[in-house]
Amino acid sequence: MILEILTYPDPRLRKKGVVVETVTPELAKLAQDMLETMYDSEGIGLAAPQVGHSVRLLVIDTRPRDEQGNVDTSGMTELEQQIPQPLIVFNPKIVKSSGRTTYEEGCLSVPTFFEDVDRFDYIEVEAMNEKGEKILLKTDGLLAICIQHEMDHLDGKLFIDRLSPVKSGRIKKRIEKQGYPTPEEAREERARRKTDRTKQEEPAG
Ligand code: QAP
Ligand code: CO
């Protein structure tokens, strides 16, 4: 079943998710519906608060795919390849981290906006899987970035909260005043930002 994805500034995205003690059949079904919803929207990660459930649950599938949608693991890091995906994760907790990395992130709850976000490069995460077993995930690459992004949702935090105050404020005001751009407007905006960058790099004179 495809679920409705809440978008900023929906206040439900700001609620802290509660710890899951037991994987009930209802929570197992929610996880499956979240995966279906994520694939339907062509996302790589989704957290339960994004579909209106304030629980500490996230689903992830960061595996690269070719034109036909077939998985191609060759571009993944060694550590990423060792973790079976899709991932269903309850109560994730970072127990070790190192390094920093920057990636241009997006979010299904902030559609059409993409910005560079700074995160840990390597993480070790304690969690519970869909069978209720305790697991330890050690990873880097896009999977590590995605886990950190989705974990933020469990604490009511969005990637646009992690930008500079100027950038963050600009994006939030734009969405609150004008709503989300259409795909065409988003394409136009990206093209404009690209030429703006070129002007900065090659000053006229
Ligand atoms: C979080 O985000 C993430 O705006 C998952 O128009 C993103 O799946 C983690 C999406 C980047 C690590 C790196 C966003 C699809 C998907 C959009 C997503 C859109 C269509 C976002
Ligand atoms: Co998100």
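We did not get these values from a lab; they are worked out from the coordinates using the rules stated. Quantities reported herein were computed from a predicted structural model and do not represent experimental measurements. We place every Cβ from the backbone using ideal geometry, glycine too, and count neighbours over all the protein chains shown.
Tabulated values for the structure
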{"read-out": "Positions within the stretch 116-130 being touching a residue at least 40 places away in the same chain (Cβ under 8 Å) and closer than 15 Å to Arg56 by Cα, in sequence order", "value": "Met128, Asn129, Glu130"}
{"read-out": "Failed criterion for Gly69 (all others in (1) of a type outside the set (Val, Ile, Thr); (2) closer than 30 Å to Glu188 by Cβ; (3) within 16 Å of ligand 2 (Cβ to nearest atom); (4) more than 15 Å from the chain's Cα centre (by Cα) hold)", "value": "(3)"}
{"read-out": "Residues within the stretch 147-168 that are in a helix (DSSP H, G or I) and either under 27 Å from Pro84 (Cα atoms) or without any contact (Cβ under 8 Å) to a residue 40 or more places away in the chain (or both), tallied", "value": "13"}
{"read-out": "Leu137 more than 10 Å from ligand 1 (Cβ to nearest atom), buried (at least 19 other Cβ atoms within 10 Å of the Cβ), in contact (Cβ under 8 Å) with a residue 60 or more places away in the chain and over 30 Å from Arg192 (Cα atoms)", "value": "no"}
